[in-house]
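Asks: Encoded as structure tokens, here's the structure I'll be asking about.
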Amino acid sequence: MNSFPGASRRASRSASPSASPGVGTPRARALPVLETAPARRGPDRSTDRRITLAGLIGAVAFLVAATLSLAVRADARLGLWLPAHLALAGAAGLAIAAMLPFFVAALAVGPPAAPALRVASLALVASGAVGGVAGRLAAGGGTSTIAAGGAAAYVAGMTLVGLSAALSLRSASGTRRPVTEAAYAIGLIDVLVGVSLVALYLAGDPGAAAAWSHLRVAHAWLNLLGFVTLVIAGSLVHFAPTVVGARIRRRRAGTVAVGCLAIGAPSVAAGYATGTDGVALIGAVAAVGGAVALVVHGLQAHRDRAGWTTDLPWHRYTGGSLIAAPGWLVVATIVAASGIAAHGTEPGSWRLDRVAAPLILGFVVQVLLGSVSHLIPAVGAGTPALHARQRSLLGRAGTLRVVGWNAGVALLTVGVLGELGAVAMAGAACVLGSGIATLALVLLSLRG
């Protein structure tokens, strides 16, 4: 394919004049994957594409590290803390830092930010994630100057990510996307506040240390159910239709999803920080509503799709991953909200182990793997023949990998929530098998 987001529309126009959803027979509506020169020349994005791809490669490296960390003794990796932070602060954070400015510039037809600014943002986010993880591990899970420095670097990196996007918007010549832009802006505010809280704690601030049992939960909601979830939702509003081959248009469900998710995490965080149960519960209900709306948006895009005639396994994997993932966000937000409903803002009402499978694996990592598998042939340099080989490689056993991953997440979720060890182990085996296969194919495709 050419590049996000216009390639699908160009392919649609080139494939058939009757490629609009709901028109013509299924055969007439099917879209081939085309490598065509853009009809209208925009700003040069070649350098920005290379920087973006480098960020995605770094995100894959963090995912590999998160997978390998599962082999470390539970006490040495602080239980789920190490793999979760490698996957979230590392992989998801770096992927967002790479893709958010790229998406903004592409959607708004604006010039990319200066390469030095883009590279600095990625370097700070990656080094901040590494420093935070290394410092906490070295301190045995306690406070650490190194970890505090890592958190500060992470905040600086995300600030540069926002600046990169803002500079592109300032000179944009295309249609503005207010829903996506709002999701990105609020998501970045969430992470700046959430990581600043942990930076204060790690630096030994007395006020943060005294309130950390509550601020820890606020930090988790702002970063995971605020920043990561909201940025993914804002991206899926346009990216999911692109991947499944549907028309990119404003859907009310996408607006509702972003609006509810934007309200949810900050409200829950404020509720925990102030001990106000009602505020936290309202925010949790809003988060559930946003997750449901995101599912509806994905189903609408899937219903509107025109279909594809080439690289079907690749499309099944990438499209299937992005459509399935929001369903797990619904499960995760319901589990998290039930804790608040039952126990209010007591710190014990939030348990990472209860939401890790649906939220981290089912939603965040599944979107990341599906997106990377779609974007490597789309934004990477190379010839049409190379991109075709990459699509063929990334589509191998695509349906089996999607089914295996989601079946594994389901078994793991049921096993953890129902305290069924054998079921959880079976689910973990399915997820590991599908995940390792996908990571191997991604790494092979990067070799060209």
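Asks: Being within 28 Å of Arg49 (Cα to Cα), touching a residue at least 40 places away in the same chain (Cβ under 8 Å) and open to solvent by 40 Å² or more (accessible area, probe 1.4 Å) is true for just one of Ala341, Ala381. Which residue is that?
Replies: Exactly one of Ala341, Ala381 is within 28 Å of Arg49 (Cα to Cα), touching a residue at least 40 places away in the same chain (Cβ under 8 Å) and open to solvent by 40 Å² or more (accessible area, probe 1.4 Å), namely Ala381.
Asks: Could you tell me whether any residue of the range 201-224 is of a type in the set (Ser, Thr, Tyr) and over 30 Å from Ala253 (Cβ atoms)? Explain how you work it out, then say what you get.
Replies: Keep residues of the range 201-224 that are of a type in the set (Ser, Thr, Tyr), which gives 201, 213.
Next, from what is left, pick out any that are over 30 Å from Ala253 (Cβ atoms): 201, 213.
Within the range 201-224 (the criterion being of a type in the set (Ser, Thr, Tyr) and over 30 Å from Ala253 (Cβ atoms)), the answer is yes, since at least one residue qualifies.
Asks: Among the residues of the range 155-166, is any in contact (Cβ under 8 Å) with a residue 24 or more places away in the chain, over 24 Å from His374 (Cβ atoms) and out of contact with any helix residue (DSSP H, G or I) (no Cβ under 6 Å at 6 or more places or on another chain)?
Replies: Yes; the residues of the range 155-166 include at least one that is in contact (Cβ under 8 Å) with a residue 24 or more places away in the chain, over 24 Å from His374 (Cβ atoms) and out of contact with any helix residue (DSSP H, G or I) (no Cβ under 6 Å at 6 or more places or on another chain).
Asks: Residue by residue through the range 417-438, note down the ones that are under 19 Å from Phe363 (Cβ atoms), open to solvent by 50 Å² or more (accessible area, probe 1.4 Å) and over 23 Å from the mean Cα position of the chain (by Cα).
Replies: Selection gives Leu417 alone.
So that you can scan it fast, the table gives a plain yes or no per residue for (1) assigned to a loop (DSSP other than H, G, I, E, B); (2) touching a Ser or Thr at 6+ places or on another chain (Cβ under 8 Å); (3) over 18 Å from His374 (Cβ atoms); (4) modelled with pLDDT of 70 or more:
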position: Asp48; (1), (2), (3), (4): no, no, no, yes
position: Ala59; (1), (2), (3), (4): no, no, no, yes
position: Val64; (1), (2), (3), (4): no, no, yes, yes
position: Thr67; (1), (2), (3), (4): no, no, yes, yes
position: Val72; (1), (2), (3), (4): yes, no, yes, yes
position: Phe102; (1), (2), (3), (4): no, yes, no, yes
position: Ala106; (1), (2), (3), (4): no, yes, no, yes
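Asks: Same structure, new question: In the range 137-164, which residues are at pLDDT below 95 and buried (at least 21 other Cβ atoms within 10 Å of the Cβ)?
Replies: Ser144
Asks: Take the residues in the range 182-200 that are in contact with a Leu (Cβ under 8 Å, 6 or more places away or on another chain) and open to solvent by 40 Å² or more (accessible area, probe 1.4 Å), then tell me which one is nearest to His238 (Cα to Cα).
Replies: So the residue we want is Ile186.
Asks: Could you list all residues from the range 234-280 that are hydroxyl-bearing (Ser, Thr, Tyr) and open to solvent by 10 Å² or more (accessible area, probe 1.4 Å)?
Replies: Taking the range 234-280 as the starting set, the residues that turn out to be hydroxyl-bearing (Ser, Thr, Tyr) are 235, 242, 255, 267, 272, 274, 276.
Selection gives Ser235, Thr255, Ser267, Thr274, Thr276.
Asks: Still on this structure: Looking at Leu368, Leu393, Leu412, which one is farther than 29 Å from Ile51 by Cβ and either open to solvent by 10 Å² or more (accessible area, probe 1.4 Å) or modelled with pLDDT under 95 (or both)? Even if it seems obvious, please write down each step before you answer.
Replies: Numbers: Leu368 fails: farther than 29 Å from Ile51 by Cβ; Leu393 fails: farther than 29 Å from Ile51 by Cβ.
Being farther than 29 Å from Ile51 by Cβ and either open to solvent by 10 Å² or more (accessible area, probe 1.4 Å) or modelled with pLDDT under 95 (or both) holds for just one of Leu368, Leu393, Leu412, which is Leu412.
Asks: Pairs under 7 Å by beta carbon, first residue among the hydrophobic types (A, V, I, L, M, F, W, C) in the range 193-205, partner outside any helix (DSSP H, G or I), six or more apart or different chains?
Replies: Leu202/Thr143; Leu202/Ser144
Asks: Evaluate the range 281-291: report whether one residue or more is open to solvent by 10 Å² or more (accessible area, probe 1.4 Å), within 18 Å of Gly370 (Cα to Cα) and modelled with pLDDT of 95 or more. Outline the logic, then answer.
Replies: First pass over the range 281-291, keeping only residues open to solvent by 10 Å² or more (accessible area, probe 1.4 Å): 281-282, 285-286, 288-289.
Retained after the next criterion (residues that are within 18 Å of Gly370 (Cα to Cα)): none.
Within the range 281-291, not a single residue is open to solvent by 10 Å² or more (accessible area, probe 1.4 Å), within 18 Å of Gly370 (Cα to Cα) and modelled with pLDDT of 95 or more.
Asks: In the range 206-218, how many residues are in contact (Cβ under 8 Å) with a residue 24 or more places away in the chain, open to solvent by less than 30 Å² (accessible area, probe 1.4 Å) and closer than 18 Å to Val155 by Cα?
Replies: 2
Asks: Same structure, new question: Would you confirm, using the coordinates I've provided, whether Gly79 is open to solvent by less than 20 Å² (accessible area, probe 1.4 Å), farther than 22 Å from His374 by Cα and part of a loop (DSSP other than H, G, I, E, B)? Step through it out loud before you land on a result.
Replies: Values: open to solvent by less than 20 Å² (accessible area, probe 1.4 Å): no; farther than 22 Å from His374 by Cα: yes; part of a loop (DSSP other than H, G, I, E, B): yes.
No.
Asks: Another question, if that's okay. Looking only at the range 344-358, which residues are within 24 Å of the chain's Cα centre (by Cα), without any contact (Cβ under 8 Å) to a residue 60 or more places away in the chain and open to solvent by 20 Å² or more (accessible area, probe 1.4 Å)? Don't jump to the end; show me each part of the working.
Replies: Residues of the range 344-358 within 24 Å of the chain's Cα centre (by Cα): 350-358.
Next, only the ones that are without any contact (Cβ under 8 Å) to a residue 60 or more places away in the chain stay: 351, 355, 358.
Matches in the range 344-358: Arg351 only.
Asks: Also, I was wondering about something else. Tell me, yes or no, whether the range 304-321 has at least one residue that is part of a helix (DSSP H, G or I) and free of Cβ contacts under 8 Å to residues at least 12 places away in the same chain. Before the answer, list the steps.
Replies: Going through the range 304-321, the residues part of a helix (DSSP H, G or I) turn out to be 304, 312-321.
Those still in the list that are free of Cβ contacts under 8 Å to residues at least 12 places away in the same chain too: none.
Within the range 304-321, none of the residues are part of a helix (DSSP H, G or I) and free of Cβ contacts under 8 Å to residues at least 12 places away in the same chain.
Asks: Something else now. Give Leu329, Leu361 a once-over and let me know the one that is open to solvent by less than 10 Å² (accessible area, probe 1.4 Å), modelled with pLDDT of 95 or more, in contact with a helix residue (DSSP H, G or I) (Cβ under 6 Å, 6 or more places away or on another chain) and within 21 Å of Thr413 (Cβ to Cβ). Reasoning before the result, please.
Replies: Values: Leu361 fails: open to solvent by less than 10 Å² (accessible area, probe 1.4 Å).
It is Leu329.
Asks: Considering only residues that are polar (S, T, N, Q), in contact (Cβ under 8 Å) with a residue 60 or more places away in the chain and open to solvent by less than 40 Å² (accessible area, probe 1.4 Å), which ones fall in the range 44-76? Write out each step before concluding.
Replies: Taking the range 44-76 first, the residues polar (S, T, N, Q) are 46-47, 52, 67, 69.
Next, only the ones that are in contact (Cβ under 8 Å) with a residue 60 or more places away in the chain stay: 46-47, 52, 67.
If the condition is that a residue be polar (S, T, N, Q), in contact (Cβ under 8 Å) with a residue 60 or more places away in the chain and open to solvent by less than 40 Å² (accessible area, probe 1.4 Å), then Thr52 is the only one that fits.
Asks: So, Arg41, is that one at pLDDT below 95, exposed (fewer than 14 other Cβ atoms within 10 Å of the Cβ) and of a type in the set (Lys, Arg) or not? Walk me through how you get there before you give the answer.
Replies: On the way: at pLDDT below 95: yes; exposed (fewer than 14 other Cβ atoms within 10 Å of the Cβ): yes; of a type in the set (Lys, Arg): yes.
The answer is yes for Arg41.
Asks: Among the residues of the range 166-181, what is the count of those that are among the β-branched types (Val, Ile, Thr) and either on the phi > 0 side of the Ramachandran plot or surrounded by 22 or more Cβ atoms within 10 Å (Cβ to Cβ) (or both)?
Replies: Here is the first cut: in the range 166-181, the residues among the β-branched types (Val, Ile, Thr) are 175, 179-180.
Going one step further and asking which of them are either on the phi > 0 side of the Ramachandran plot or surrounded by 22 or more Cβ atoms within 10 Å (Cβ to Cβ) (or both), we end up with 180.
Adding up the residues that qualify gives 1.
The values are calculated or read from the model by the stated rules, or taken from the named source; none is laboratory data. It should be emphasised that the depicted structure is a prediction, and the values quoted were computed from it without experimental measurement. Backbone-built Cβ (ideal geometry, glycine too); neighbour counts: all protein chains shown. Side chains are part of the model used for accessible areas, which takes the heavy atoms of the whole protein and leaves out ligands, DNA and RNA. Shrake-Rupley method; radii C 1.70, N 1.55, O 1.52, S 1.80 Å.
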